[in-house]
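Structure first, then comments.
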Amino acid sequence: MKTIFIIFGIILRIVIYAALPVLAFILITSRTSALGGIQSFVILTGSMAPALPVGTVVMTKQMPTYSKNDVIAFKKDDKNVTHRIVEVENKNNVFSYKTRGDANNVADIDLVRKDNVLGKMIFSIPYLGTFILFLKTVPGFLIFIVLPAIIYIFFEIFNIKHEMTKEIKKKLLQNMQPKT
């Protein structure tokens, strides 16, 4: 039974130490582009399916230029949209982009001005966004943040108790040996 606790504790630590930095990076970059100019977004609709299914985390970075077929994130009516550039327009050195979701039959009505582009997709992680959005709910926070923290604390208390028991036994054995 003790071996199972030790193995489970090691696995739990590995998962926590591996997943925590990734989740922290994604959560921070979802609010700001301060970390290397990278910003993350979660795909909320099926407009980019099948290449980017609902729940995909898309990491973007601002670029000096954007080209046809680039997937970009941009601001539209206080919402972030992630679509593919289907046409680049250059009028008097002012760039605008015609965009379209891969699953849509027609291009978006409005052109996207370059100053509304948040960045070009540099990589994506399918379905991780579904998990992250769930983490932002009360049940998700309780299940994936609070519960593992409680389990981790339990295992640490178990380890401390185990070490204290070993020390007490060691001192008792020392006290029981005849003094010469």
For this session: Considering only segment 25-44, state which residues are β-branched (Val, Ile, Thr) and surrounded by 13 or more Cβ atoms within 10 Å (Cβ to Cβ).
Result: Ile26, Ile28, Thr29, Ile38, Val42, Ile43
Seminar exercise, completed: Exception for Ser47 within (1) out of contact with any Pro (no Cβ under 9 Å at 6 or more places or on another chain); (2) part of a helix (DSSP H, G or I); (3) at pLDDT below 95 falls at (3)
Exercise. Got a sec? Which of Pro64, Pro21, Pro53 is of a type outside the set (Lys, Arg), within 18 Å of Ile125 (Cα to Cα) and part of a loop (DSSP other than H, G, I, E, B)?
Worked result: Pro53
Exercise. Inside segment 115-130, can you point out the residues that are crowded, with 17+ Cβ neighbours inside 10 Å and either without any contact (Cβ under 8 Å) to a residue 12 or more places away in the chain or within 18 Å of Lys91 (Cβ to Cβ) (or both)?
Worked result: Val117
Exercise. If you take the residues in segment 135-152 that are modelled with pLDDT of 90 or more and closer than 25 Å to Phe8 by Cβ, which one is surrounded by the fewest Cβ atoms within 10 Å (Cβ to Cβ)?
Worked result: Pro139
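The values are calculated or read from the model by the stated rules, or taken from the named source; none is laboratory data. Bear in mind the structure is a predicted one, so any value in this text is a computation, not a measurement. Ideal geometry is used to build each Cβ from the backbone, glycine not excepted, and the neighbour counts take in all protein chains shown.
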